[in-house]
Amino acid sequence: MLNKRFGQNFLIDQNILVSIPEIAGLNENDVVLEIGTGTGGLTRLLAEKARHVFTVEIDKKLFEVSSDILKLYKNITLINTDILKTKHELNRDVLSLIQNWLREYNQTKIKVVSNLPYNISTPVIINLLESDLSIDLMVLMLQKEITERMAATPGTREYGILSLIIQLFSEVKVVKTLPPQVFWPKPEVYSAIVKVVIHKEKYAGKITDYSFFKNIMYAIFTSRRKTLLNSLEQLKLPEISREQIKELIQNMQLDERVRGEVLNLDQLITLSEAMYKLAKEIS
Ligand code: SAH
């Protein structure tokens with residue numbers, strides 16, 4: 001019955017299950033989005049604390065099983081669909097359903113609480129953060145390595161695009177490490193629970209053009225052995241010369257041989273904004 005493709009590992013440790021709504025600080029005003037209903041073990045506990053729970057499950061059989069198990073809960077909306085439309089886009093029907101509900105019941109914020117399917121956790125998290133859903137908190141169970149990348153600091157091996165995008169929009173705290181035994185079937189990896197507190201505008205408010213920023217970040221972090229200068233030059237922004245990039249790096253009091261992956265978020269934003277200005281001034 002289990003479908004390997006869907007990353008199905010159910011959380012079976014009761015103590016941990018019960019601790020999750022607590023970590024999220026859920027109360028009767030909260031609206032929750034869960035991704036991966038499974039058999040509804042976590043869903044039920046969320047619904048007992050929160051005002052309403054939206055839960056999305058891709059697997060039709062599991063959707064039917066959990067619909068039956070959860071049928072007495074009036075504050076759960078079960079949705080049988082793929083949370084992702086593509087790797088780069090969430091399922092719009094799910095978003096509209098939630099947004100319409102929020103409008104109708106005069107609420108704005110939601111919390112995401114979920115034992116995420118590990119194979120899609122990175123795109124789901126990034127797309128959630130970039131979406132226009134007003135999320136104030138996420139409490140997620142993830143593969144331990146992913147949580148380390150989320151919380152990584154500049155210059156470490158784990159610091160990359162994921163760290164950057166997460167930290168741009170939120171503060172990440174690893175709450176607890178979980179051994180494989182708390183799941184059934186046992187995954188091959190350790191897991192961890194993270195608390196992601198969203199501060200959407202703290203850094204993001206300083207970025208003029210988010211897709212320009214992202215292009216720069218991909219240029220820096222996908223060619224990690226390159227110097228900052230070389231990876232920015234490789235972007236081949238027609239308006240900006242190598243000399244200008246060099247000057248920009250010097251203006252930031254950085255060595256011209258510096259690698260991009262040692263820069264912190266503030267420095268990366270300053271850099272991208274300066275590049276953006278150059279690109280716009282000339283064109
Ligand atoms: N929350 C449950 C199940 C976690 S396992 C528990 O803690 O026990 C992850 C669940 O996500 C599985 O039920 C799997 O079928 C579902 N899933 C996998 N990919 C999905 C996708 N793209 N969209 C929605 N659900 C998905």
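The values are calculated or read from the model by the stated rules, or taken from the named source; none is laboratory data. Keep in mind the model is a prediction, meaning the values are calculated, not measured. We place every Cβ from the backbone using ideal geometry, glycine too, and count neighbours over all the protein chains shown.
Being more than 23 Å from the chain's Cα centre (by Cα) and either more than 27 Å from S134 (Cα to Cα) or not assigned by TED's automatic domain parsing to the domain that holds K111 (or both), is that true of even one residue in segment 46-60?
Let us first name the residues in segment 46-60 that are more than 23 Å from the chain's Cα centre (by Cα), namely 48-49, 51, 60.
Of the ones still in play, those that are also either more than 27 Å from S134 (Cα to Cα) or not assigned by TED's automatic domain parsing to the domain that holds K111 (or both) are 60.
Looking through segment 46-60, at least one residue is more than 23 Å from the chain's Cα centre (by Cα) and either more than 27 Å from S134 (Cα to Cα) or not assigned by TED's automatic domain parsing to the domain that holds K111 (or both).
Can you tell me which of (1) within 13 Å of the ligand (Cβ to nearest atom); (2) exposed (fewer than 15 other Cβ atoms within 10 Å of the Cβ); (3) under 20 Å from S191 (Cβ atoms) is the one E64 doesn't meet?
Checking E64 against (1) within 13 Å of the ligand (Cβ to nearest atom); (2) exposed (fewer than 15 other Cβ atoms within 10 Å of the Cβ); (3) under 20 Å from S191 (Cβ atoms), the one that fails is (3).
Out of curiosity, is D59 more than 25 Å from L162 (Cβ to Cβ), surrounded by fewer than 17 Cβ atoms within 10 Å (Cβ to Cβ) and within 13 Å of the ligand (Cβ to nearest atom)? I'd like the intermediate steps shown before the answer.
Numbers: more than 25 Å from L162 (Cβ to Cβ): yes; surrounded by fewer than 17 Cβ atoms within 10 Å (Cβ to Cβ): no; within 13 Å of the ligand (Cβ to nearest atom): yes.
No, not satisfied.
Quick check on T147: is it hydroxyl-bearing (S, T, Y) and assigned to a loop (DSSP other than H, G, I, E, B)?
For T147, the condition - hydroxyl-bearing (S, T, Y) and assigned to a loop (DSSP other than H, G, I, E, B) - is not met.
Go through segment 1-49 and count every residue that is modelled with pLDDT under 95, hydrophobic (A, V, I, L, M, F, W, C), near the ligand (Cβ under 10 Å from one of its atoms) and surrounded by fewer than 16 Cβ atoms within 10 Å (Cβ to Cβ).
Here the count works out to 1.
Yes or no, residue by residue, for (1) surrounded by fewer than 19 Cβ atoms within 10 Å (Cβ to Cβ); (2) among the aliphatic types (A, V, I, L, M); (3) within 16 Å of the ligand (Cβ to nearest atom):
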{"residue": "S134", "(1), (2), (3)": "yes, no, no"}
{"residue": "A152", "(1), (2), (3)": "no, yes, no"}
{"residue": "G155", "(1), (2), (3)": "yes, no, no"}
{"residue": "Y159", "(1), (2), (3)": "no, no, no"}
{"residue": "E171", "(1), (2), (3)": "yes, no, no"}
{"residue": "K176", "(1), (2), (3)": "yes, no, yes"}
{"residue": "P179", "(1), (2), (3)": "yes, no, yes"}
